[in-house]
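Novice: Okay, handing you the structure first.
The values are calculated or read from the model by the stated rules, or taken from the named source; none is laboratory data. Just so it is clear, the model here is predicted, and its values are computed rather than measured. So basically every Cβ, Gly included, is an ideal-geometry build from the backbone, and we count neighbours across all protein chains shown. In case anyone asks, the SASA skips ligands and DNA or RNA and just uses the protein heavy atoms, side chains included. Shrake-Rupley method; radii C 1.70, N 1.55, O 1.52, S 1.80 Å.
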Amino acid sequence: MEFEPTEEVKEPPRIHRLDESVVNRIAAGEVIQRPVSAVKELVENSLDASSTSISVAVKDGGLKLIQVSDDGHGIRYEDLPILCERHTTSKLSKYEDLQSIKSMGFRGEALASMTYVGHVTVTTITRGQLHGYRVSYRDGVMEHEPKACAAVKGTQIVIENLFYNMIARRKTLQNSTDDYTKIVDLLSRFAIHHINVSFSCRKHGAARADVHSVATPSRLNSIKSVYGLLVAQNLIKIEVADNDPSSSVFGMDGFISNSNYVAKKTTMVLFINDRLVECTALKRAIEVVYTATLPKASKPFIYMSIILPPEHVDVNMHPTKREVSLLNQEVIVEKIQSVVESMLRNSNESRTFQEQAVEASPSVPPVTSNDLDLSPLPSGSKSQKVPVHKIVRTDSSDPAGRLHAYLYSNTQKHLERDSSLTAVRSSVRQRRNLKETADLTSIQELINDVDSKCHSGLLDIVRQCTYVGMADDVFALLQHNTHLYLANVVNLSKELMYQQALRRFAHFNAIQLSEPAPLHELIMLALKEEDLDLESIENDDLKEKIAEMNAQLLKQKAEMLEEYFCIFIDSERNLSRLPILLDQYTPDMDRVPEFVLCLGNDVDWEEEKNCFQSIAAALGNFYAMHPPLLPNPSGKGLEFYRKGKHGKNPQDGENSSSHVGDGIAIEDEFEHELLSEAETAWAQREWSIQHVLFPSMRLFLKPPNSMAVNGTFVRVASLEKLYKVFERC
Ligand code: ADP
Ligand code: MG
């Protein structure tokens, strides 16, 4: 090749096998993502080795040094040569063993991985030996023969200079806050679950340990010693079990915080089959109950240990084994959620609920002195007054009187439930290669912002209200307890969609556009729509330039837009896929041009958090349930179509029709089509508001404080007096 440099350029590049150490390093980066993941693997190994005491020391957040010492059964001398090779394990030999795996490790990847991204030294002694052995590893192999050394019972593993050969990773980690707090948090979690093991965690060289637990028979004692008295004294014991093979088989026991507990962040310590895992669905389901039940906007402390038949858990779906997927997850989550709810209600005397009712009222805007009067609507609203006699009580589950409930059969109501574990597995596998949501702290921060700005009074309204109907193009009428409210569905849906975009981040299902839409043209359309008045030639040139620049910009960002937001832009610069923010809902495609322009113009591409936020906001605005662009055919909007039919001047309608016979017939048909299109658009929107927006809001929306003051909710009437009459009947 060296002799023909010019030839080489024309030929396709050679495909060659990657050097094995490169492959291994890439894989290692997946298993060991940050120092805390190395600690987790090491501690799990120690637990698997039946240790009763495990201590961890860390330098420089784990980047300089991680040292885990245990008093477990140790490692045989003969096994040391292959200890750090990939796929060497003592815990699994047949594939079937996976079904019943009890240990935490089984893939034999952790130690190997560490040797590809750090310097690993193992010191170990097995029972009955006079001395131990020490040996160092690099890239999966021993650097020298094991050296005899003095050792105390068990194994000590030291990792130095983690990620020394992954410069980018090291830099990112050095810039972010150090992993030490994460490591302390991890050890605390292990400590309160494995109460027969004593744990300690300290900074290297520090005299004081930041986690120090001693073996104890009482879980509560352990929680007290790790998380403190303030946590321990505010806990309620919880137990749930189900043994119905047709729905779910599981047992759960744990502790949850009561109404006196105050914290800004949720602490959820979850073990499933003794494995420390995360389950976002369960966490959110419980948080929902807390916000709905407790007056203070406190986040809960939760410790739960769930035991399931091993074959119902897929432990192998995630490279770090952190997330598991369960058979019948929804059923289990629901059952636990309802028990948490009833326990909270029971532990909370009625006092709590009175408090909540009192708290909710002052936060909700204008209440007029006369309960049955309508309060003034925010300026700029096109609302018509709703006569009180038209305000009726309806039940959201009862479709009576709502024609659309009959018009649209709701066949896809429930997504097909995965019935077999393989299905669960494959659906989650698809996500395996995505960057991990949980590791993107900026998205977590945005979600936390949403949570922390949630208005508890409005949340209660959103959760408990009954949808009565649309009062005008923008406001829906709701009933909550004895009050009627007008709620701005555009604002509400915009916020809901924004929050959904954050929550589903990187995990969207896709809407495929029937035809890929060219970005350039979309942006031109939007620009033209923006200034209909300024139609000049030079302006068009300018628009072309803007469209070109924006289309180019979006193409450059295509990879990120696709991976995180499921907005797919192909190499031809066509938009062909959009994310599903709420199941059963597609946005108004007439708004695609505006959305694309907004992506180009309004998104901050520089800073990660702002970038995600502005994209989610653009999606929110696009998916919001705006009034359709076509005028409302019922009420005033109908005039638009009549006007069109009779020419430009409605006054001389008769004349124009007699002059131009054929033209009118065509126009007529066109208007007719337009009218029916408009009717469908409006009817569909109303259907979506009732059947998608309101039910989803009940489940997912965290209404921000700002909604209490910006006219999104307006209290229009109180039904208390009517209720009294009603109760007497
Ligand atoms: P896995 O845990 O999946 O088997 P690892 O790479 O984590 O894979 O560990 C490989 C093997 O090394 C384990 O199967 C176990 O036999 C042994 N081992 C690792 N750490 C310890 C320890 N602290 N005490 C005893 N044996 C250990
Ligand atoms: Mg392991």
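Novice: Using alpha carbon centroids, what distance separates region 180-254 and region 464-521, in Å?
Specialist: Taking the Cα centre of region 464-521 as reference, the centre of region 180-254 is 40 Å away.
Novice: If you take the C-alpha gyration tensor of region 169-217, multiply each eigenvalue by 5 and take the square root, what semi-axes do you get, largest first, in whole Å?
Specialist: After scaling each eigenvalue by five and taking roots: 26, 13, 6 Å.
Novice: Within the P(r) computed for region 459-518, what percentage of the Cα pairs occupies the region above 16 Å?
Specialist: 60 percent
Novice: Also: For region 146-207, with every protein chain kept in place, what is the accessible area per residue (1.4 Å probe, Å²)?
Specialist: 50 Å²
Novice: Rolling a 1.4 angstrom probe over the protein heavy atoms, how many square angstrom per residue are accessible across region 18-90?
Specialist: Ligands and nucleic acids excluded, the result is 41 Å² per residue.
Novice: Using the heavy atoms of the protein chains alone and a 1.4 angstrom probe, what is the accessible area of region 525-632 per residue in square angstrom?
Specialist: For region 525-632, the per-residue accessible area is 49 Å².
Novice: Any idea how far apart E78 and Q584 come out in nm if each label point goes 7 Å out from Cα toward Cβ?
Specialist: Result for the modelled spin labels: 6.3 nm.
Novice: Here's another thing I want to ask about it. Over 29 Å between Cα atoms, which of K555/K609; K59/K102; K64/K453; K59/K237 qualify?
Specialist: Long pairs (Cα-Cα over 29 Å): K59/K102; K64/K453; K59/K237.
Novice: Loop only by DSSP, 16 or fewer other Cβ within 10 Å of the Cβ. Give me the chymotrypsin sites (Phe, Trp or Tyr not before Pro) in region 158-207 that pass, ordered by residue number.
Specialist: For chymotrypsin sites (Phe, Trp or Tyr not before Pro) across region 158-207 that sit outside H, G, I, E and B with at most 16 neighbouring Cβ atoms in 10 Å, the list reads Y164.
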